[in-house]
Amino acid sequence: MTKKKITTPLSRKAVLVSVNISQWTARKLDKRVTAETNAKYRATEDAGRYNKRLLAVENLAELGSLIAKARHLHYRMTRPWADDGPRVLANMLFAKFSDEFRVLKRDFNKAADKFAREYPSFVEQRRKELNGLFNAADYPKPSEIRSKFNLDLTVLPFPDADDFRADLDEDTVADIKRELAETSKHVASKAMECTAQQIVETVGHMASKLAEYKTGEPGAHIFRDSLVNNVRELAELLPAFNLTDDPKLTKITNRIVKELCAEDAKTLREDDDVRKAVQKSADQIVAEVGALFA
């Protein structure tokens, strides 16, 4: 008889993903200058540290921006799994997440290739700017600099009791399955709390901005189109974040779509009645989420 595979709810609905980033920071502790500065002011050896910027800030700006976008994508479309490392990605979002990450990785590799080509000129430029602080030994070799930058993705299956193949006694296997079930329940609960907090922050921000705005006084308390776009983006992601299939969250999601996403920012700025109605709905939704997930 074939043994029935026992799976946790999350193992059917999600995977674990981690974004792996490596980069050269272009910073270096200058021990000589640190010692001279502390001695000059008669300070203790641990009073301060002098860290040099080995390149101009703008030389690494594009790569830094792409890294920030990758981190934002990771945290925006996933939920916590452990304190560090992999995070929970709903299967419903896997294709979207992968597509967006693929574009970022392509742009990152292009930017890293460009940086590596121009690196020698950046170093020469900084030689003049640092003057007596310049030290050639602080810099990686041009042939090695490209390997200092990498952006990649690791995808792992969500832990399942039947993943344990070792020769374990039945009591141990039972304990493992029980612990996995408890962990899965805890992760799902934390993910739902995270989602509730995101609703409160995003929708609450909309409510406060709409309440502050006065038609005919655009200079005071202006809000931009992103106010509505951020709520719409949240509404698109919420079905995937409903890892426990909670009907209350489904109802709230439907309200957000129907009551907060129907009008564009221009209409909200120009029509007092519409703006007040959307603000009222936003306040009600925040209160409802606070009551349901308190």
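The values are calculated or read from the model by the stated rules, or taken from the named source; none is laboratory data. Keep in mind that what you see is a predicted model, and the values were worked out from it rather than measured. Note that each Cβ is placed from the backbone with ideal geometry, even for glycine, and that neighbours are counted across all protein chains shown. Heavy atoms of the whole protein, side chains included, go into the accessibility calculation; ligands, DNA and RNA do not. Shrake-Rupley method; radii C 1.70, N 1.55, O 1.52, S 1.80 Å.
Filtering the stretch 239-294 to residues that are touching a Leu at 6+ places or on another chain (Cβ under 7 Å), within 19 Å of residue 194 (Cα to Cα) and open to solvent by 40 Å² or more (accessible area, probe 1.4 Å) leaves only 248.
The number of residues in the stretch 189-206 that are open to solvent by less than 70 Å² (accessible area, probe 1.4 Å) and more than 17 Å from residue 253 (Cβ to Cβ) comes to 1.
Out of curiosity, is residue 236 open to solvent by less than 70 Å² (accessible area, probe 1.4 Å), among the acidic types (Asp, Glu) and part of a helix (DSSP H, G or I)?
Numbers: open to solvent by less than 70 Å² (accessible area, probe 1.4 Å): no; among the acidic types (Asp, Glu): yes; part of a helix (DSSP H, G or I): yes.
It is false that residue 236 is open to solvent by less than 70 Å² (accessible area, probe 1.4 Å), among the acidic types (Asp, Glu) and part of a helix (DSSP H, G or I).
Within the option set 51, 59, 91, being open to solvent by 10 Å² or more (accessible area, probe 1.4 Å) and more than 30 Å from residue 135 (Cα to Cα) holds for one residue only, 91.
Report, by residue number, each residue of the stretch 236-262 that is of a type in the set (D, E, K, R) and at pLDDT 95 or above. Before you say what the answer is, go through the steps one by one.
Start the filter on the stretch 236-262 by keeping residues that are of a type in the set (D, E, K, R), which leaves 236, 245-246, 248, 251, 255, 258-259.
Selection gives 236, 251, 255, 258, 259.
Determine if the stretch 258-267 includes at least one residue that is touching a residue at least 40 places away in the same chain (Cβ under 8 Å) and under 26 Å from the mean Cα position of the chain (by Cα). Within the stretch 258-267 (the criterion being touching a residue at least 40 places away in the same chain (Cβ under 8 Å) and under 26 Å from the mean Cα position of the chain (by Cα)), the answer is yes, since at least one residue qualifies. Residues that are open to solvent by 10 Å² or more (accessible area, probe 1.4 Å) and either closer than 19 Å to residue 189 by Cβ or among the hydrophobic types (A, V, I, L, M, F, W, C) (or both) were ranked within the stretch 76-88; the one that is modelled with the lowest pLDDT is 83. Tell me yes or no: at least one residue of the stretch 212-224 is in a helix (DSSP H, G or I), hydrophobic (A, V, I, L, M, F, W, C) and touching a residue at least 24 places away in the same chain (Cβ under 8 Å). No, the stretch 212-224 has no match at all. Taking the numbered list (1) touching a residue at least 24 places away in the same chain (Cβ under 8 Å); (2) part of a helix (DSSP H, G or I) in turn, residue 243 passes all entries but (2).
If you go through the stretch 23-48 and pick out every residue that is under 28 Å from residue 111 (Cβ atoms) and open to solvent by 100 Å² or more (accessible area, probe 1.4 Å), you end up with 1.
Of all residues in the stretch 98-123, those satisfying the criterion of being open to solvent by 20 Å² or more (accessible area, probe 1.4 Å) and either in contact with an Asp or Glu (Cβ under 9 Å, 6 or more places away or on another chain) or in a loop (DSSP other than H, G, I, E, B) (or both) are 105, 107, 114.
Sub-9 Å Cβ pairs linking a first residue in the stretch 22-47 that is of a type in the set (D, E, K, R) to a second residue that is in a strand (DSSP E or B) and open to solvent by less than 70 Å² (accessible area, probe 1.4 Å), at least 6 apart or interchain, are 27/52; 28/52; 30/52, ordered by first then second residue.
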